[in-house]
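Visitor: Have a look at the structure that comes next, please.
The values are calculated or read from the model by the stated rules, or taken from the named source; none is laboratory data. What you are looking at is a predicted structure, and each value in this text was computed from that prediction instead of being measured. All Cβ positions, even for glycine, are placed from backbone atoms using ideal geometry, and neighbour counts span all protein chains on display. The area values use the complete protein model at the heavy-atom level, side chains included, leaving out ligands, DNA and RNA. Shrake-Rupley method; radii C 1.70, N 1.55, O 1.52, S 1.80 Å.
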Amino acid sequence: MNKNSLIRKFNKQAPIYERNTRQRRLGEWRRRLLQGVEGKVLEVAVGAGANFPFYHPDTVDVTAVDFSPEMLTRARQMASELGIRATFLERDIETLELPERSYDCVVSTLSLAAMKIR
């Protein structure tokens, strides 16, 4: 599947991802995974922001990356509702370039579903 088709697919699925986020699907797993995460956080393939409810708003500054504009729209809303400080980048994580040592933690949950393994 080419990249544009994949983006359209995820744009269509954004409402489902948002509903699952609001229902806290996989909540216990996410809570345990993200306990203790603090500082500058890079979250790749952020989707609809399913991890945001499990961050402590006072201790994180998130850079959220996704290639789907619809997913980012929903993630922005979720961050706003929860008081999460976040910057949003519409980028493909396969080609994302960032300065070395610019983050304290990288979060990637269920992000390989859309990646093409070479």
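Visitor: Given a Förster radius of 22 Å and the C-beta distance between Asn4 and Thr73 as r, what FRET efficiency does 1/(1 + (r/R0)^6) yield to the nearest 0.05?
Guide: It comes to 0.75.
Visitor: Among Ser102, Val62, Gly47, which residue has its Cα furthest toward the positive end of the charge dipole of the chain, with +1 on Lys/Arg Cβ and -1 on Asp/Glu Cβ?
Guide: The residue sitting farthest along the positive end of the dipole is Gly47.
Visitor: If you don't mind, there's one more thing I want to ask. For every other residue with a beta carbon closer than 13 angstrom to the beta carbon of Thr59, add +1 if it is Lys or Arg and -1 if Asp or Glu, then tell me the sum.
Guide: -2
Visitor: I would also like to ask the following. Whole number in Å², please: accessible area per residue of the chain, 1.4 Å probe, ligands, DNA and RNA not counted.
Guide: About 62 Å² of surface per residue is accessible.
Visitor: Counting Lys and Arg as +1 and Asp and Glu as -1, each charge on the Cβ, what is the dipole of the chain about the Cα centre in debye, to the nearest 20?
Guide: Roughly 580 debye, rounded to the nearest 20.
Visitor: Need the C-alpha centroid separation for the stretch 47-81 versus the stretch 87-111, integer Å.
Guide: With the stretch 47-81 and the stretch 87-111 each reduced to a Cα centre, they are spaced 13 Å.
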